[in-house]
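Written out below as structure tokens is the structure these notes cover.
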Amino acid sequence: MKILIADDHAVVREGLKALFERQTGLEVVGEADNGETAVALAKDLAPDVVIMDVAMPKLNGIEALRQISAHNPAVKIIVLSMHSENTIVIEALKAGCHGYVLKSSLFKDISAAVEAVAKGERYLSPEITRLVVEEYAHPSDADGKTGLKALTGRERQILQLVAEGQSIKEIALHLQISPKTVDATRRNISQKLQVQSVAQLTKFAIREGLTSSEF
């Protein structure tokens, strides 16, 4: 089974690679330290399983898994996260992840997660299972277009890059669009989220798991 590991922390990638190398039938075929690289490698290497952190630089894990799933619906994607908030978990599941493992129990759960998704099953860390059951029993307004749900995929990507400290010109160059489009999109994001400052946008992006507090 071919595995692609996508995490911006080298120590996590190294730890997972060492773990899988000790298991028969598992091969780590690639590593990525940001979401864009993960998408590109998933296309080039055609892994069976992608293990990806939610808070990835350049392109967050949720958007990356959407793109990977769109290109190869057969790939199994396991999300890693420090976050157990309901919103992030539900977004990941809706985006098509097959497993959701908390980093607090990563090396305890990941082998079982890989085994489960390889069989066509889903795997959630126990804490996440409780959240999903609660959401099923008391569903939130899934159609409510507020907060993160109000943003398009491109708006989320630009919000992440703003939160990571990139200027309008840098974002425009990175996404190959005009600075005017970036500025208009950022203003639209602020209006939708009802926040004005970059600091507030950054705080929102961190809280929603689009990026980490390390940027």
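Here is how the numbers come out for the structure above:
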| read-out | value |
| --- | --- |
| Members of region 187-215 found to be touching a residue at least 40 places away in the same chain (Cβ under 8 Å), of a type in the set (Ser, Thr, Tyr) and assigned to a helix (DSSP H, G or I), listed by number | THR202 |
| Scan of region 156-186 for residues that are in contact (Cβ under 8 Å) with a residue 24 or more places away in the chain and in a helix (DSSP H, G or I), ordered by number | ARG156, GLN157, ILE158, LEU159, GLN160, LEU161, VAL162, ALA163, HIS174, VAL182, THR185, ARG186 |
| Residues that are touching a strand residue (DSSP E or B) at 6+ places or on another chain (Cβ under 8 Å) and either free of Cβ contacts under 8 Å to residues at least 40 places away in the same chain or assigned to a strand (DSSP E or B) (or both), drawn from region 1-19 | LYS2, ILE3, LEU4, ILE5, ALA6, ARG13, LYS17 |
| Some residue of region 48-55 being assigned to a helix (DSSP H, G or I) and touching a residue at least 40 places away in the same chain (Cβ under 8 Å) | no |
| Top-ranked residue of region 86-121 - restricted to ones that are in a loop (DSSP other than H, G, I, E, B) and touching a strand residue (DSSP E or B) at 6+ places or on another chain (Cβ under 6 Å), ranked as surrounded by the most Cβ atoms within 10 Å (Cβ to Cβ) | CYS97 |
| Residue within region 68-80 that is within 15 Å of ILE206 (Cα to Cα), touching a residue at least 24 places away in the same chain (Cβ under 8 Å) and among the charged types (D, E, K, R) present | no |
| Subset of region 112-156 that is of a type in the set (Lys, Arg), outside the structural domain of LEU193 (by TED's automatic domain parsing) and modelled with pLDDT of 85 or more - its residue that is nearest to GLN191 (Cα to Cα) | ARG122 |
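The values are calculated or read from the model by the stated rules, or taken from the named source; none is laboratory data. Keep in mind that what you see is a predicted model, and the values were worked out from it rather than measured. Virtual Cβ from ideal backbone geometry, glycine too; neighbours counted across all protein chains shown.
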